[in-house]
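Visitor: Just passing along the structure, written as structure tokens.
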Amino acid sequence: MSAETHADHGHHHEAHEEPHGTLRDYVIGFVLSVILTAIPFWLVMAGPIESKTVTAVIVLALAAVQMVVHMIYFLHMNGRSEGGWNMTALVFTVIIVVIVLVGSLWVMTHLDANMMATHEEMIRR
Amino acid sequence: MANQAITADMGHAPAFHLAEEPHHPEGHSTPLGFWLYLMSDCLIFAILFAVYAVLGGNFAAGPSPKDLFDLNLVAVNTAMLLLSSITFGFAMLSMARQRKGATLAWLAVTGLFGLAFLGIELYEFHHMIHLGATPQRSAFLSAFFTLVGTHGLHVTFGTLWLVTLMVQIGRFGLIPANRRRMTCLSMFWHFLDVIWIGVFTIVYLMGMLR
């Protein structure tokens, strides 16, 4: 049984590499994630920066960095896994996501600006 | 390539298949297929994020994020998910070293962190609904419950999958099929953590800044 699995494993290796990180990878990823999570929470909860816009931009940038950290250290993304198809699919998805998000916000804020303010909004103003 | 295969077999009965076909072991394309599923799942979340980004300010004179969210609770929840991510990593490392017991133990720890996350999230939802902040109250709350609820549902199914896989590994050991399932579940689990980064940033932190 054991020998069988071993032979099987050796055969597997060429075509199919299991994406396995090292302990170092996971620890680096974890420490970076903790730092990249703690900073935005601190920025919002303690509010050391006056401008809300600046805080928002920093928080969003840190989230983007943390997503990349997770992709590299936890999901073991690189340009070589599955012959590059993982990366191709990811890049395609990111393009679609950006179009959906930016497009929705762009169209809807313009629509909003061109509409009459509703009763409630007038009260809020 | 197909032509070559046919010419090589000309002496015998013609065979109509690619020459390299038999070299693919069973399930070799599963991780790629699962990755493609995750990418399509990513599009679902992108749409829900877009909905929240558009409707997140429409409170209909109801409660706003500042009235509802407790960032301490969200921080604890984030920690739970992050810890579950690294313990799943340890389970994968134990699996690579062929240690069945350690793999199962780390999976159990991961599952407990997952349950803790779900417990805190359900407490938060219960608390909000108790205050009258139900999904029907405003567009903001509809979008909030849809986005955060969809993520929570993913974690729920991930936890169910994790328990099922623990039973599988307990009964059949770290056979190739179970290793493949572990690889897929680890992608699923880490992917949910990536989505959670978007949730706590866009929904909670940006909500409090609004």
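The values are calculated or read from the model by the stated rules, or taken from the named source; none is laboratory data. Computed from a predicted structure; not experimentally measured. Cβ coordinates were reconstructed from backbone atoms using ideal geometry, including for glycine residues, and neighbour counts include every protein chain displayed.
Visitor: So which of A:Leu111, A:Leu60 ends up being under 30 Å from B:Pro65 (Cα atoms) and either at the interface with another protein chain (Cβ under 9 Å from one of its Cβ atoms) or of a type in the set (Phe, Trp, Tyr) (or both)?
Guide: A:Leu60
Visitor: Further question on the same structure: Which residues, taken from the range A:96-112, are modelled with pLDDT of 90 or more and surrounded by fewer than 13 Cβ atoms within 10 Å (Cβ to Cβ)?
Guide: Answer for the range A:96-112, where residues must be modelled with pLDDT of 90 or more and surrounded by fewer than 13 Cβ atoms within 10 Å (Cβ to Cβ): A:Val98, A:Ile99, A:Val102, A:Gly103, A:Trp106, A:Val107.
Visitor: Next up: It is to be established whether one or more residues within the range B:76-89 are surrounded by fewer than 19 Cβ atoms within 10 Å (Cβ to Cβ), without any contact (Cβ under 8 Å) to a residue 12 or more places away in the chain, among the small types (Gly, Ala, Ser) and in a helix (DSSP H, G or I).
Guide: Yes, some residue in the range B:76-89 is surrounded by fewer than 19 Cβ atoms within 10 Å (Cβ to Cβ), without any contact (Cβ under 8 Å) to a residue 12 or more places away in the chain, among the small types (Gly, Ala, Ser) and in a helix (DSSP H, G or I).
Visitor: Here are B:Phe90, B:Phe144, B:Phe69: which of them is within 14 Å of chain A (Cβ to nearest Cβ) and touching a Gly at 6+ places or on another chain (Cβ under 8 Å)? Walk me through it before giving the result.
Guide: Working: B:Phe90 fails: touching a Gly at 6+ places or on another chain (Cβ under 8 Å); B:Phe144 fails: within 14 Å of chain A (Cβ to nearest Cβ).
Testing whether each residue is within 14 Å of chain A (Cβ to nearest Cβ) and touching a Gly at 6+ places or on another chain (Cβ under 8 Å) leaves just B:Phe69.
Each row is one residue, and each column tells you yes or no for (1) crowded, with 20+ Cβ neighbours inside 10 Å; (2) within 11 Å of another protein chain (Cβ to nearest Cβ); (3) not aliphatic (A, V, I, L, M).
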| site | (1), (2), (3) |
| --- | --- |
| B:Thr150 | no, no, yes |
| B:Phe157 | no, no, yes |
| B:Thr164 | no, no, yes |
| B:Met182 | yes, yes, no |
| B:Leu185 | yes, no, no |
| B:Val203 | yes, no, no |
| B:Met206 | yes, yes, no |
| B:Arg210 | no, yes, yes |
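Visitor: For the range A:17-67, name all the residues that are closer than 30 Å to B:Gln98 by Cβ, out of contact with any Gly (no Cβ under 7 Å at 6 or more places or on another chain), in a helix (DSSP H, G or I) and not aliphatic (A, V, I, L, M).
Guide: Result: A:Arg24, A:Asp25, A:Gly29, A:Phe30, A:Ser33.
Visitor: Take the residues of the range A:34-53 that are more than 10 Å from chain B (Cβ to nearest Cβ) and modelled with pLDDT of 95 or more: which is surrounded by the most Cβ atoms within 10 Å (Cβ to Cβ)?
Guide: If we filter the range A:34-53 for residues that are more than 10 Å from chain B (Cβ to nearest Cβ), which is where we start, we get A:35, A:39, A:46, A:48-51.
Imposing the further condition that a residue be modelled with pLDDT of 95 or more reduces the set to A:35, A:39.
Values: A:Ile35: 12, A:Ile39: 14.
Top of the filtered list is A:Ile39.
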